[in-house]
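The values are calculated or read from the model by the stated rules, or taken from the named source; none is laboratory data. Being a predicted model, the structure only gives us computed values, none of them experimental. With ideal geometry, Cβ positions are generated from the backbone for all residues, glycine too; neighbour counts draw on all protein chains shown.
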């Protein structure tokens, strides 16, 4: 059994049931619970004559694969035992998703409403459970009461009464029978379960879409736990894999929509996500409503314990046009009711109900279902005195057009101001341009204060500003050929601007009067929309612009209007560049700005964002403890996507699919998970004072060139975050990715093209300039996306674009050093192998190596083909051992698991530093020691290079004389002796056995080490 199942066991602790349906004919029930998981079936004891039974029993199950647990379900059935006929009556069932299972020690009580087995079942009541993983619980043979609980196949019938195991057959029977362990729960622990509801009160889940409409009885922890039977939104911290593979990538096998298409042709076309069925109810408007007074009207959609309430409207215009979406996993009734009522009263004015068995199913690309008028009935069932309401109701999936704008049942406790921030949206980055400004010269520039100008040399410079980007030229130098009033600069400046162009280019000439004192002597304002565009290296025509001097008071303006000051500028919008807004190594788009220069796309990237498991709680909500309101953001090219926010869930299920056009395979898509800080109204007010920042949960990068075409990758990626205390796993993100290629020849041709557009090589920019412009581009993108609705916060954009990748980090420095060592390890291994051949430790191999060397000397035309064939053979040999998984965050490569706490604290320090002087002094000393070693290595390298120069510099005349004489003799020798003979003799000399070699260095090396360097001239 151990070689089939893992060490971790699934524990289903059956606590109690409440308000069960009497089925024994005497007004009561003798109930027991039967739990089924992966063909294992266990049952509790029977509680006789009790409609509110309490079991407190643990049922322990084997788990085959913990990684697949979020995609499994646990079936819980409640039955009434009929002892007279040895049969049972059905009392209700619950289906719990494996994603709602928590870790041991973090489990909480989950309350579930019992569901019907069929339309004609008479069911009522609730059941409370705990589900968690444990390594300490064991599946035992014998329970505390000596009973045996059998393991059934899913198709087997009702079990017979349990009996004791006897004789040696009990060992064999243990492989097919699982025992429950009954352990009474201490009564003193009940107060520590904040999410356990009171047994006598069941509160409905309410979706409030109108401002200020408070419904009593919707607070408390029991609201968050309702309806989690299938959705995974129940309380508790969810599982994540522990042990040595905690930070590794895991392959999953979810039931994607593409697999179900083969069986059901009416399924959604979303083939990279799991099919999730929703009940959609669109409430459009009402008419002929008879009501006294001027109260406002609302429509209420009720399905089991879930209620959705529309916004309030006046009687003169009764129109809502709102859609409500109820997940099929949360459907607790076979009937849905729509009420029209006054906003401040509980009594309804009219009611319409629908049987869910009669609700049609809609599959895109069918057009939307047309709403119809339905006559409402009052409390007595009379339809003559009530009005009509326009409604459409249908079953659909997440592919439905109404999905994005619908109010979901999962968003039960979100206040009205926060509802806009939980919807899924697609954002487009603004189109970015480089604005190139060349400041050439100016004429007739006179400082305002003439008296002071006669006594000093004017220090004139030009300040240019676009938005919040400010650049300055140097102070114009004095020239004997130019007057002081005609300064000359000839400097270039680069800015980042975005379409639509709303900014202005402000160019001002300033005179520096002293430190921090600059006087503006003229300026010109140029609209960005009036600037000429260019797509190649041809320069645009420069122009003279008149400087405006009329910006001071009227008295001063009279003294300067007689001068016609002007400035010579060349301004252009360069569309031939790609404006880098993210780190070059993680770039998702390399196309030029001008659309005319774009090539056709070579493929399509499709991604299904399935969900996450094991998320760590990042905030504490009142009455609910740790919680997370997670949403996902993906960025590729100009297209940003944001999934909907799943409220109060540590295992959110998004199941949303998105598509991007791919123009270059050597690009990276970035996916980040964040916590929404705008859900809870109290936290929103607190966050508003603190800046309202969404918390980071983790990030995943996938390079498209590492993906095979037309293959679906389904993996769970670890979400890793680096904190001051070390690396922490925040959960796992489940993705399904497919990269489809439209034309393989075009994609292979892209590998021979430059990575960046032509202008980056014809008119290149410096590294510092590119980094500064990238920072400005990131600011422009962040400001534009923050103006969307819902806004994409600046903290989200900065995290996705790796804004701090250039900051100093001792950990990153170590990681890059060992990456370099890993690259050079092949050369080092080759040198060691040759040295082993020289040492003749294995004479046979060394002899074969010498023979092969002489063969290549005799046939030199085989050298290059041999090397190429060897490389081809290595490539083909490694094909079978190639990685079948996309790359992911590697903590060992990042040196995140062996980093010192002080180094992490330094990495998270602000710039400039905010630490104490003692800490800064200690870090400075450490940096000096590291830099001293680097300084020594660089000095040694410079010494060896200077010794090469000294061979012919006659700095050491005797050494240069010897080297010149050697060169003359060697020239004659190489002319007389064929090169093959020389190389063969040299090879045989180098490969001679150790007994013919001296341990002293060679004469050539000794001569080289004696050459002088310039190190003795250093201070």
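Here are some notes:
- Any hit, segment 797-820, residues being surrounded by 15 or more Cβ atoms within 10 Å (Cβ to Cβ) and touching a strand residue (DSSP E or B) at 6+ places or on another chain (Cβ under 6 Å): yes
- Within the set 354, 403, the sole residue that is surrounded by 12 or more Cβ atoms within 10 Å (Cβ to Cβ), touching a strand residue (DSSP E or B) at 6+ places or on another chain (Cβ under 9 Å) and not in a loop (DSSP other than H, G, I, E, B) turns out to be 354.
- In segment 50-71, the residue that is surrounded by the most Cβ atoms within 10 Å (Cβ to Cβ) out of those that are in contact with a strand residue (DSSP E or B) (Cβ under 6 Å, 6 or more places away or on another chain) and not in a strand (DSSP E or B) is 70.
- Selection from segment 711-734 of residues that are at positive phi and at pLDDT 90 or above: 731
- Inside segment 990-1006, residues that are assigned to a helix (DSSP H, G or I), under 59 Å from the mean Cα position of the chain (by Cα) and either free of Cβ contacts under 8 Å to residues at least 40 places away in the same chain or not assigned by TED's automatic domain parsing to the domain that holds residue 849 (or both) make up a count of 3.
- Residue in segment 735-745 that is at pLDDT 90 or above, over 28 Å from residue 601 (Cα atoms) and surrounded by 15 or more Cβ atoms within 10 Å (Cβ to Cβ) present: no
- Any chance residue 428 is buried (at least 22 other Cβ atoms within 10 Å of the Cβ) and either under 30 Å from residue 503 (Cα atoms) or at pLDDT 80 or above (or both): no
- Any hit, segment 784-795, residues being assigned by TED's automatic domain parsing to the domain that holds residue 985, assigned to a loop (DSSP other than H, G, I, E, B) and within 46 Å of the chain's Cα centre (by Cα): no
- When we screen 78, 108, 139 for residues that are closer than 30 Å to residue 611 by Cα and at pLDDT 50 or above, the only hit is 108.
- Selected residue (only one of 96, 11 is crowded, with 22+ Cβ neighbours inside 10 Å, under 33 Å from the mean Cα position of the chain (by Cα), at negative phi and assigned to a strand (DSSP E or B)): 96
- Some residue of segment 365-381 being free of Cβ contacts under 8 Å to residues at least 24 places away in the same chain, closer than 21 Å to residue 277 by Cβ and not in a loop (DSSP other than H, G, I, E, B): no
- Index of the failed condition, residue 899 passing every other in (1) within 19 Å of residue 803 (Cβ to Cβ); (2) touching a helix residue (DSSP H, G or I) at 6+ places or on another chain (Cβ under 6 Å); (3) crowded, with 16+ Cβ neighbours inside 10 Å: (1)
- Candidate set: segment 562-598, residues that are more than 30 Å from residue 424 (Cα to Cα) and part of a loop (DSSP other than H, G, I, E, B); chosen: the one modelled with the lowest pLDDT: 562
- Residue check for residue 368: closer than 17 Å to residue 282 by Cβ, modelled with pLDDT under 85 and out of contact with any helix residue (DSSP H, G or I) (no Cβ under 8 Å at 6 or more places or on another chain): yes
- All positions within segment 487-512 that are part of a strand (DSSP E or B), in contact with a helix residue (DSSP H, G or I) (Cβ under 9 Å, 6 or more places away or on another chain) and closer than 24 Å to residue 774 by Cα: 494, 495, 496, 497, 498, 504, 505
- Filtered residue count, segment 72-89, keeping only those that are over 49 Å from the mean Cα position of the chain (by Cα), farther than 12 Å from residue 32 by Cβ and outside any loop (DSSP other than H, G, I, E, B): 1
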